[in-house]
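Since every read-out is calculated from the coordinates, none of them should be taken as a lab result. All values derive from a computational prediction rather than experimental measurement. Don't worry about glycine lacking a Cβ; one is built from the backbone with ideal geometry, like all the others, and counts go over all protein chains shown.
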Amino acid sequence: MRVGDFMKAKLIVATVVLGIAVLVLLTGCGNLSPIASFTCTPTSGAAPLRVSFDASSSYDPDGSITAYEWNFSDGETATGVTISHTYQAAGTYTALLKVTDNDGASDSAGTSIEATESLCLRCVKIIQWQFGLNSRGTPSVTGVARNDCSYPLQYVELFAHFYDADDIEIGTYWHIIAGVLPREEWDFEIECPISAVWPFVDHASVEVHVCTLAK
């Protein structure tokens, strides 16, 4: 072999060795972590706010993603590449995605979701209510609600929460009305229907849970 050819061969070997060394430094002789990424639509709106999440843009440089875990920061979680979640109450939430690859490495990403109080919920006012036993001896919440807005409501759902003396919730029951006219008032009664718990019911609370505007 001529000297020139020998030097060329050494140069090629050195280049290959250097490339391997760079690769080793970059990978650490181990697994590369996956990259968590997702989109969501919408990121804000009136509650109850239904949001669609899509993590298909997540990837793993040297393997595959085996798990997609979601935490919506409202007490609910889910798994899967694509998922939908409804934020029932107004508030600012952080939706978190954690992806794990086939070697156990993981990465996380998050975004903020803003659920605002719906215009419809602001329309419905519980103008008076009381807790007590009705004529049948059943613990119940009775009261009067009103549509304070100048447009009709398609559907209203009121919740009554019943508690024992230690303020532990025994049960939640509801009142539903459809087709509420502008400025209309109506009476409501929400009973605790399970007779076995009646002796333990001590007090209650009531709230407007769901409301939709008429189309």
Legend entry - In Hz, Karplus ³J(HN,Hα) per residue of the range 40-47 (6.51, -1.76, 1.60; θ = phi - 60°; x = Gly, Pro): 8, 9, x, 9, 7, x, 6, 6
Inset, instruction - Would you grab the residues whose amide H sits under 5 Å from the one on SER118? Only those 5+ places off in sequence or on another chain, please, with H modelled 1.01 Å from N. - result: ALA47
Inset, instruction - Scan around ALA214 for amide H atoms under 5 Å from its own, H built in the peptide plane at 1.01 Å from N, and keep only partners 5 or more places away or cross-chain. - result: LEU153, GLN154
Inset, instruction - Could you work out how far helix 3-27 tilts from the main Cα principal axis of the chain, as a 0 to 90 degree angle to the nearest 10? - result: 20
Inset, instruction - Rounding to the nearest 20 debye, state how big the charge dipole of the range 72-161 is about its Cα centre with +1 on each Lys and Arg Cβ and -1 on each Asp and Glu Cβ. - result: 700
Inset, instruction - Using per-residue counts of other Cβ atoms within 10 Å, averaged over each peptide, order 83-94, 165-176 from highest down. - result: 83-94, 165-176
Inset, instruction - Find the eigenvalues of the gyration tensor of the Cα atoms of the range 115-157, then list the square roots of 5 times those eigenvalues as equivalent ellipsoid semi-axes, largest first, in whole angstrom. - result: 27, 11, 9
Inset, instruction - Among DSSP beta bridges whose residues both lie in the chain, state the antiparallel percentage, nearest 5. - result: 95
Inset, instruction - Divide by every residue of the chain the summed helix terms, -39500 (n - 2.57) for each DSSP H run of at least 4, and state the resulting mean residue ellipticity at 222 nm, rounded to the nearest 500 deg cm²/dmol. - result: -4500 deg cm²/dmol
Inset, instruction - Would you work out the charge dipole size for the range 119-213 about its Cα centre, treating the Cβ of every Lys and Arg as +1 and the Cβ of every Asp and Glu as -1, and quote it to the nearest 20 debye? - result: 400
Inset, instruction - Among (1) 8, 30, 30, 18, 9, 3, 1, 0; (2) 7, 21, 19, 18, 13, 8, 5, 4, 3, 2, 1, 0; (3) 9, 36, 39, 15, 1, find the value of P(r) over Cα pairs in 10 Å bins from 0, in percent that was calculated from the structure presented, and write down its label. - result: (2)
